[in-house]
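The values are calculated or read from the model by the stated rules, or taken from the named source; none is laboratory data. Only a predicted model underlies this, so the values are computations on that prediction, with no experimental measurement involved. Reconstructed Cβ throughout: ideal geometry from the backbone, glycine too, with neighbour counts over all protein chains shown. Heads up: the accessible areas ignore ligands, DNA and RNA and are worked out on the full protein's heavy atoms, side chains in. Shrake-Rupley method; radii C 1.70, N 1.55, O 1.52, S 1.80 Å.
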Amino acid sequence: MRIFLIGFMGSGKTTYGKALAGIMGYDFIDMDECISRGRQKSVEQIFREDGEDVFRRHERDLLARLVKMENIVVSTGGGVPCREDNMELINRHGLSVYLKLEVRHIVSRLLHSSGRPLISGKNKQELTIYVRDVLKKRSEYYERARLIIDAWNLKTADLHREIQQAAL
Ligand code: S3P
């Protein structure tokens, strides 16, 4: 099985993904990390030096490779489901799980985070407006996930159970 965790930045895709992969004995793949390793540059550097479109192309190329792998849990970048037919590709080849959070919870998680070029330098008010606006546009893609899970105070064991049931 291939599990794709999707959702906004700060929704816990990487944290839950690692824990889930551990429980299931699957490999864990973080798309940002994989791209960064492959290009020998941080995500921030890729955005700054090559531009966002190039980064999105790397995401698409990586996704096309991931859908051929077996027994993986993937933490997708927050923008992956919203480009081209990425969401169709994910749903055709894997189980998509949307880790859903309210704007205020996303903001509280992101306020002191670093390494995310789209939100760097934003204060709380700017971040709140950004998250609200972008989430509004992205929700229609995220909501195409096979499983939609409330990710606030979510326990990995509960996430695992839901995934097992959905995979039956
Ligand atoms: C992005 C999310 C980031 C990373 C890049 C762009 C986005 O990943 O891919 O900074 O467009 O939402 P995370 O969702 O893992 O933070």
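Which part of segment 6-26 falls in the paramagnetic zone of Asn71, meaning amide N under 19 Å from the point 7 Å along Cα-to-beta-carbon? Under 19 Å, as judged by backbone N against the label point of Asn71, lie 17-26 of segment 6-26.
Explain nothing, just the number: relative contact order of the chain, from Cα pairs under 8 Å at least 6 residues apart, as a whole percent. All intermediate terms of the calculation are to be shown ahead of the outcome.
On the way: 221 pairs, mean separation 56.7, N = 168.
About 34 percent, as a whole number.
Counting only residues at least eight positions apart within a chain, or on another chain, the lysines with an alpha carbon under 21 Å from that of Lys155 are Lys13, Lys18, Lys100.
Go ahead and estimate [θ] at 222 nm for the chain from helices alone: -39,500 (n - 2.57) per DSSP H run with n ≥ 4, summed, over the residue count, rounded to 500.
Details: 7 runs with 82 residues, N = 168.
Mean residue ellipticity, 222 nm, calculated: -15000 deg cm²/dmol.
What separates the Cα centres of segment 29-75 and segment 145-168 is a distance of 25 Å. Converting phi to 3J(HN,Hα) with the Karplus coefficients 6.51, -1.76 and 1.60 and the offset θ = phi - 60°, segment 146-151 yields 5, 10, 10, 10, 6, 8 Hz in sequence order, with x at every glycine or proline.
Annotation for Glu84 and Arg144: the two label points, set 7 Å from Cα along the Cα-Cβ direction, are 1.3 nm apart.
Calculate, for segment 9-57, the solvent-accessible area per residue in square angstrom, rolling a 1.4 angstrom probe over the heavy atoms of the protein chains.
Values: 2650 Å² over 49 residues.
Result: 54 Å² per residue.
So for segment 1-135, what are the equivalent ellipsoid semi-axes in whole Å, largest first, each being the square root of 5 times an eigenvalue of the Cα gyration tensor?
Working from the Cα gyration tensor, I get semi-axes of 24, 18, 14 Å.
Spin-label model, Lys124 to Glu44: label points 7 Å out along the Cα-to-beta-carbon direction sit 2.3 nm apart.
Quote to one decimal, in nm, the extra length available between Lys137 and Ala64 on full extension: 0.36 nm per residue of separation minus the C-alpha distance between them.
Details: separation 73, 0.36 × 73 = 26.28 nm, distance 2.39 nm.
My answer for the length gained is 23.9 nm.
Our coupling estimate for segment 29-36, obtained by passing each phi through the Karplus curve with A = 6.51, B = -1.76, C = 1.60 and θ = phi - 60°, is 10, 9, 4, 4, 5, 5, 5, 4 Hz, Gly and Pro reported as x.
Annotation: amide H-H contacts under 5 Å for Glu102 (H modelled 1.01 Å from N, sequence separation of 5 or more, or interchain): none. Calculated translational diffusion coefficient of segment 53-110 (37 °C, 0.692 mPa s; Stokes-Einstein with Kirkwood radius over alpha-carbon pairs) equals 258 µm²/s.
Within the accessible surface of segment 9-69, defined with a 1.4 Å probe on protein heavy atoms only, the carbon and sulfur portion equals 46 percent.
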